[in-house]
Amino acid sequence: NPQAVLRDVAISGRRNGHLRGSLRVEQLALQPYGQRPGLSGVAGRVRFDEHGGVLRIDSNPVRLDWPVALRASETFRLEGSVSTWRDGLGWKIGTGGLRLRGDDFGAQLRMALGFQGDGSKPTLDLAAHLDPADVAVAKRFWILHKMPPSTVRWLDEALVAGTVTNGRVAIGGDLDDWPFANKGGAFDARAHVRDGTVKFNKEWPQGEHMELDLAFFGPGFSIDGSGEILGNHVTSLSGGIEHFHEPWLKLDI
């Protein structure tokens with residue numbers, strides 16, 4: 001159910017021939033549907049022809065609604081442009097540099113979505129570099145409908161404090177195969193947690209002043225780092241959860 005206000009619409013062309021046009025989009029909104037997210041508040045200037053077009057986005061507050069995945073709506077600003085072009089029998093939508101800024105988070109995105117025109121889910125190629133953020137911010141972005149509740153609960157309780165730095169995400173593949181457990185695509189998310197406090201288990205003492213490298217690879221994640229436990233220096237900590245649906249945490253300390 002897309003909604004928008006269109007202004008300054010100018011289109012010229014002829015049937016089965018050349019076409020070109022421009023318009024201004026305001027209040028563009030796509031409602032969440034099923035497991036798909038919704039986006040509202042997008043505005044900008046569009047120029048197009050029969051082969052594709054470009055939307056240059058105004059930096060207005062944009063709201064992301066994804067009820068099945070996120071605990072609450074998120075509001076941020078977008079800066080940059082988005083293009084669409086023909087790709088064989090289908091279409092692609094992409095951006096070479098989209099800047100996203102929230103009150104306490106941010107990211108630089110490069111992305112291409114490919115729609116094959118056969119009713120299937122699109123392909124996705126994405127690279128994102130994340131701004132430094134508190135670990136409390138990361139907890140707002142667990143994809144709840146793709147992660148077992150026990151894993152979400154453990155991550156919420158384990159990550160007590162710290163700063164997430166050097167965050168990056170890379171995704172490539174057909175979303176019909178998501179989360180790529182069959183190696184039909186690639187998902188790789190990495191970050192460093194600086195001066196972290198981690199409660200691995202309710203009955204264990206917590207790790208403090210931890211320097212941790214985290215790597216999420218689709219079905220699970222790995223962890224590697226150092227820190228302190230009860231004032232004792234820990235020179236090496238490694239392990240992780242191989243499959244979130246069988247969430248056994250294995251650690252070598």
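The values are calculated or read from the model by the stated rules, or taken from the named source; none is laboratory data. What you are looking at is a predicted structure, and each value in this text was computed from that prediction instead of being measured. All Cβ positions, even for glycine, are placed from backbone atoms using ideal geometry, and neighbour counts span all protein chains on display. Heavy atoms of the whole protein, side chains included, go into the accessibility calculation; ligands, DNA and RNA do not. Shrake-Rupley method; radii C 1.70, N 1.55, O 1.52, S 1.80 Å.
The set of residues in region 55-98 that are of a type in the set (S, T, N, Q) and touching a residue at least 12 places away in the same chain (Cβ under 8 Å) comprises S59, N60, T75, S81, S83, T84, T95.
Has region 151-162 got at least one residue that is β-branched (V, I, T), farther than 30 Å from V82 by Cβ and at pLDDT 90 or above? Yes, that holds for at least one residue. Please find, within region 143-170, the residue that is most open to solvent (accessible area, probe 1.4 Å) out of those that are part of a loop (DSSP other than H, G, I, E, B) and closer than 25 Å to S120 by Cα. Taking the candidates together, the pick is I143. State yes or no: is D125 farther than 26 Å from R63 by Cα and either assigned to a strand (DSSP E or B) or in contact with a Lys or Arg (Cβ under 8 Å, 6 or more places away or on another chain) (or both)? So D125 does not fit the description; no. Does region 54-105 hold any residues that are of a type in the set (D, E) and either open to solvent by less than 40 Å² (accessible area, probe 1.4 Å) or farther than 20 Å from L124 by Cβ (or both), and which are they? D58, D65, E74, E79, D103, D104 - these are the residues of region 54-105 that are of a type in the set (D, E) and either open to solvent by less than 40 Å² (accessible area, probe 1.4 Å) or farther than 20 Å from L124 by Cβ (or both). If the condition is being without any contact (Cβ under 8 Å) to a residue 12 or more places away in the chain, part of a loop (DSSP other than H, G, I, E, B) and on the phi < 0 side of the Ramachandran plot, then region 171-200 contributes N182, G184.
Of all strands (runs of 3 or more DSSP E) completely enclosed by region 1-94, which ones contain at least 2 residues that are among the acidic types (D, E) and within 18 Å of the chain's Cα centre (by Cα)?
74-87
Counting only residues that are open to solvent by 80 Å² or more (accessible area, probe 1.4 Å), at pLDDT 95 or above and either more than 15 Å from the chain's Cα centre (by Cα) or not charged (D, E, K, R) (or both), how many does region 109-129 have? Result for region 109-129: 1. Within region 148-196, can you find the residues that are touching a His at 6+ places or on another chain (Cβ under 9 Å) and among the aliphatic types (A, V, I, L, M)? Correct list: V164, V169, A181.
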